[in-house]
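The values are calculated or read from the model by the stated rules, or taken from the named source; none is laboratory data. Fair warning: this is a prediction, and the values are worked out from it, not measured in the lab. As a convention, Cβ positions derive from the backbone with ideal geometry for all residues, glycine included, and neighbour counts pool all protein chains shown.
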Amino acid sequence: MSAAYCLAAPAHPLHGPYHDTEYGFPSADEPVLFERLALEINQAGLSWLTVLQKRPAFRAAFADYSVDRVAEFDDSDRARLMADAGIIRNRLKIAAVIDNARRIKELRESHGSFEAWLRAHHPLSKADWVKLFKKNFRFTGGEIVGEFLMSLGYLPGAHVADCPVYERIAALSPPWAQRGGIISDA
């Protein structure tokens, strides 16, 4: 997103709540992390507004982002999702969300949680994060990874410094603000 998001989002019925209460805020909650990754994957090539409009349908379609339940989805679930007009019906994106749930389960075994895996690799430059995500997850290009990490406070830039939300997030000590948390790609 951009600086313009901080100006335009607050007055919008969908962008406003996301901007004011979620975007850039750190979270250790696995369903939140999984949802954010799934939404960023589904946004690829589309507008964020489209994703926000479909968010309730995504939540229902992907079992409230229960990693364990989605990891068990089979071919009949894939067919159900492809027939669900409430979500973005893209075979590759659906497969990525299901496969990424399986990968998150593996990260629990190796690191204890998805959030612990993120913290174990922090700080990295955006380029290094993208390499790491491409190695471990599906459908995770540079924009998807960058927005995912920015949306959870691992990379700076979700809000401009004069946005009122910026100070609220900074007070939570997001990963990007912690000592050594910012690495430039330059």
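Here are a few things to note about the model shown:
- For the stretch 23-48, filtered to residues that are in contact with a helix residue (DSSP H, G or I) (Cβ under 7 Å, 6 or more places away or on another chain) and outside any helix (DSSP H, G or I), the residue that is nearest to Ala8 (Cα to Cα) is Tyr23.
- Flag if Leu33 is of a type in the set (A, V, I, L, M, F, W, C), closer than 21 Å to Glu106 by Cα, in contact with a Ser or Thr (Cβ under 7 Å, 6 or more places away or on another chain) and crowded, with 18+ Cβ neighbours inside 10 Å: yes
Matching residues to (1) modelled with pLDDT of 95 or more; (2) surrounded by 14 or more Cβ atoms within 10 Å (Cβ to Cβ):
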position: Ala11; (1), (2): no, no
position: His15; (1), (2): yes, yes
position: Tyr23; (1), (2): yes, yes
position: Asn42; (1), (2): yes, yes
position: Gln53; (1), (2): yes, no
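- Scanning the stretch 75-101 for residues being part of a helix (DSSP H, G or I), surrounded by 12 or more Cβ atoms within 10 Å (Cβ to Cβ) and not aliphatic (A, V, I, L, M) gives a total of 6.
- Of the residues Phe62, Phe25, Phe58, Phe34, the single one that is among the aromatic types (Phe, Trp, Tyr) and within 23 Å of Lys135 (Cβ to Cβ) is Phe34.
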